[in-house]
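Reviewing the structure listed below.
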């Protein structure tokens, strides 16, 4: 008998679904009903002509649980395809954050300097605040937000991860 | 010429100019039912489904069975489906009609039973306004069904209704809800025949991968201590799958055990059958599961009632698992050869490979394995001592045994439904099933109150058959109102109540795990079942001692109409053998004398 691997791994699951009412509720309900984690979730139509949407879910669990998630999601009637991008191989996973920093003086200058280093764009500027737009991998966004914390970090809005396989392959 | 279509003549191709006739949504729905081959639906009317009931009134192709509670409609449809292999169909109203049906839907989901349930809904403009008898039916039933639909556009009605049948019956079968707002069924809708095109996203895999079956059979040929472990998937794959299973088991010479759901796929009276496995399975089935070196699981899902303590489940075996549903594989137990496909196709392919591949299992090893199994059989784990003095108290196992023997004497095709609890396990242990589709029990969900409406569904499907609900007095009260349905349709159902005046299985667990503190498990203030039967126009009978038992069973079987037989059985009887929760297969309790010897672990107490 194969021994079960108990290590917890993170996985990016991409799901191509029929864009119909209730489909997101089906996927989310499955996760909550079976006790799977959702660390982030993005969803948007990707094929208007074919009424398809893509859901990207960052989750974690033992390899066995990740396999189960894939299989359980695959059972849902409006699901076309489901793939664990972490398993498929090299992939690009990006998210966007809007980060509001409220500060003046030295802290404000420092925030702007760090933003430049991170290639974050100031999309809104007032005398006392910035809203930075930053796109990148989750850990890059995390460190940017950490650095902003002592510099007047006031509010964060993040999109969650959108992901795609590198190279010519598709899910 | 009459402008309204003649609904008595709803056959799909009879309207040469069908496209010209404007049908209402309700009439379209009826046409879909006819095209899908539906003969019977189980339902209960209400405001939101009045247009459908009106369309039903004006036709004769589809028969409607009026139940007394919507939960019973679903259970009846489940039993209809399980005993015929067809899709069971339910029609209920919005709000409470739909919420009452939910238990039945989950029951069908857990046991993979094809059911299509049409629910009424308030008109589309009223949805979301907390209208009278409005409930978010698709929201509520999303996790209770294989799939569900809300029809908001009349143009979708026919397609969705056809698709619901396809999804319910194909792949791993299950319940499908179609929620029908009243304006959709009242207003005009176009009819469309069932599409032949494959579903865009739903494509269940039926045909197994040859390569996986080759590897499985190679392992079976090397086996020294093999075992087949078969489940409800074999039943769902149709009678030809059960027939093929019989050939495979006989051809290989391997022993075979079955889950509760799979009983009847392989004849339970055959020498190669070891009895049911799991919590209340036989000693030989569980010890064989524990000790086998190749375990061939066919259409079974390693339920916790089967596996017992997981880390001790069949520890030394090479595991082959065939299931139509990929999510069932490696869900509970990691297996060595996964096979995705229809159980019948897998079995046929195994038979082909068995002939094609050279070699055979070591006959000496197999003979030794059978000797070991015979030794375990010698324990006689289902044995009980019945005092045969006429005044002796009836032991429930004896009542089931006699029921089986006397029912067989009638030579009639016999269907057995059960409620849930001790009586269900005794029925599984002591009633024998040599054919599939004759054993109707709530396995996964364990729904008390299943058996009486299930007997209704089975009897409607098989009007001339002998249909028996083996019941407990507590469970049967949960849907006792269906005696009304039985009376209305003059169904000759036999309700055989093993009355011990306890929720017996609850009491048994309280005895084992909670210091015999029988908290709320006594069936107080019971009705007089004989008079209860009479008030519902059925025959009431009672046996209070061994001397009365056979006469009551014979009279029950001879009675042309419905019977409620109140069989007063030993109150303190517990169901053995038993694997206590959290224990392994080789730690079975064979009888009450061993109760004190086994300490249920703290972890075990937390398991259900």
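Each reported figure results from applying straightforward, stated rules to the coordinates on display, with no laboratory input. Bear in mind the structure is a predicted one, so any value in this text is a computation, not a measurement. Glycine also receives a Cβ, built like all others from the backbone with ideal geometry; neighbour counts cover every protein chain displayed.
Just to be sure I understand the model, the point goes 7 Å from the Cα along the line to the Cβ. What's the resulting residue B:367 to residue A:109 distance in nm?
Distance between label points: 9.7 nm.
Provide, in order from the shortest bin, the percent of all Cα-Cα pairs of segment B:549-608 in each 5 Å bin, continuing until the bin that contains the maximum pair distance.
All Cα pairs considered, the percentages come to 4, 14, 17, 14, 9, 8, 9, 11, 9, 4, 0.
Once both labels are modelled 7 Å past Cα along the beta-carbon direction, what's the residue A:7-residue A:48 spacing in nm?
Calculated label separation equals 4.5 nm.
Please compute the average number of Cβ atoms from other chains found within 10 Å of each residue's Cβ in peptide A:72-83. Could the numbers behind the result be given before it?
Details: counts 4, 1, 3, 11, 4, 12, 5, 2, 4, 1, 0, 0.
Taking the mean over all residues of the peptide, I get 4.
Using the alpha-carbon centroid of each, what span in Å lies between segment B:510-577 and segment B:389-429?
Distance between centres, Cα-based: 12 Å.
Return the percentage of antiparallel bridges among DSSP beta bridges fully within chain B, rounded to the nearest 5 %.
Close to 5 percent.
How high is the FRET efficiency between residue B:334 and residue A:146 when r is their beta carbon distance and R₀ equals 35 Å, given to the nearest 0.05?
On the way: r = 40 Å, r/R0 = 1.13.
FRET efficiency, residue B:334 to residue A:146: 0.30.
How large, in Å, is segment A:92-164 by the Kirkwood hydrodynamic radius built from its alpha-carbon pairs?
Working: mean 1/r = 0.0830 Å⁻¹.
Here the Kirkwood hydrodynamic radius works out to 12.0 Å.
Which FRET efficiency, nearest 0.05, do residue A:87 and residue B:304 yield, Cβ-Cβ r, R0 25 Å? Please list the in-between numbers first.
Values: r = 28 Å, r/R0 = 1.13.
After rounding to 0.05, the efficiency reads 0.30.
Residues in segment A:27-63, backbone N under 15 Å from the label point at residue A:170 (7 Å along the Cα-to-beta-carbon vector): list them, ranges by number please.
A:46-55
If each Cα of segment A:9-88 is one equal point scatterer, what is log10 of I(q)/I(0) from the Debye formula at q = 0.13, 0.16, 0.27 Å⁻¹?
Log10 of I(q)/I(0), two decimals: -0.34, -0.52, -1.46.
If one takes the longest principal axis of the Cα atoms in chain B, at what angle in degrees, from 0 to 90 and to the nearest 10, does the Cα axis of helix B:546-558 lie?
Value to nearest ten degrees: 30.
Across the Cα atoms of chain B, what radius of gyration and what greatest pairwise Cα-Cα distance (Dmax) are found, in Å?
25.0, 83
So if R0 is 45 Å, what FRET efficiency would residue B:57 and residue B:531 give, r being the distance between their Cβ atoms, rounded to the nearest 0.05? Write down the numbers at each step before the final one.
Values: r = 36 Å, r/R0 = 0.79.
For residue B:57 and residue B:531, the calculated efficiency is 0.80.
Over all distinct Cα pairs, what is the inverse of the mean 1/r for segment B:91-160, reported as the Kirkwood hydrodynamic radius in Å? Mind dumping the intermediate values first?
Values: mean 1/r = 0.0789 Å⁻¹.
One decimal place: 12.7 Å for the Kirkwood radius.
Take segment B:53-115, compute every pairwise Cα distance, and split them into 5 Å bins from 0; I just need the percent in each bin.
For segment B:53-115, the binned pair fractions read 4, 19, 26, 24, 18, 8, 2, 0 percent.
Residue by residue through B:564-571, how many Cβ atoms from other chains fall within 10 Å of the Cβ on average?
Working: counts 0, 0, 0, 0, 0, 0, 0, 0.
Partner Cβ neighbours, averaged per residue: 0.
Scaled to the compact-protein estimate 2.2 N^0.38 Å, what is the alpha-carbon radius of gyration of segment B:240-335, rounded to two decimal places? Please report the intermediate quantities before stating the final value.
Working: Rg = 12.6 Å, N = 96, 2.2 N^0.38 = 12.5 Å.
Taking N as the residue count of segment B:240-335, the ratio is 1.01.
Kindly put B:600, B:28 in sequence by how many other C-beta atoms sit within 10 Å of each C-beta, fewest to most. List each step's numbers first, then the result.
Working: B:600 15, B:28 22.
So the residues, fewest neighbours to most, are B:600, B:28.
Per 5 Å bin, what percent of the C-alpha pairs of segment B:7-189 does each bin hold, from zero upward?
2, 9, 19, 23, 22, 15, 7, 3, 0
Taking a quarter of the surface of the Cα convex hull of segment B:210-377, what do you get in nm²? Mind dumping the intermediate values first?
On the way: hull surface 33.0 nm².
Result: 8.3 nm².
How big is the shadow of the Cα convex hull of the protein assembly as shown, averaged over all directions, in nm²?
On the way: hull surface 162.8 nm².
Average projection, Cα convex hull of the protein assembly as shown: 40.7 nm².
Once the Cα atoms of helix B:343-356 and of chain B are each reduced to a long axis, what angle between those two axes, in degrees from 0 to 90 to the nearest 10, is obtained?
In chain B, helix B:343-356 runs at an angle near 50 degrees to the longest axis.
Counting other C-beta atoms within 10 Å, which of B:166, B:423 has the fewest, and how do the rest follow?
Details: B:166 18, B:423 32.
With the sparsest Cβ surroundings first, the list reads B:166, B:423.
Test of understanding: express the Cα radius of gyration of segment B:448-554 as a ratio to 2.2 N^0.38 Å, with N the residue count.
Values: Rg = 15.2 Å, N = 107, 2.2 N^0.38 = 13.0 Å.
That ratio works out to 1.17.
According to the Cα gyration tensor, what semi-axes, each the square root of 5 times an eigenvalue, does the equivalent ellipsoid of segment B:103-248 have, listed from largest to smallest in whole Å? Kindly include the intermediate steps, with their values, before the conclusion.
Numbers: eigenvalues 332, 59, 27 Å².
Computed over segment B:103-248, the values are 41, 17, 12 Å.
Just need the Rg to Rh number for chain A, please, alpha carbons only, Kirkwood Rh.
Values: Rg = 19.0 Å, Rh = 17.9 Å.
Rounded to two decimals, Rg/Rh equals 1.06.
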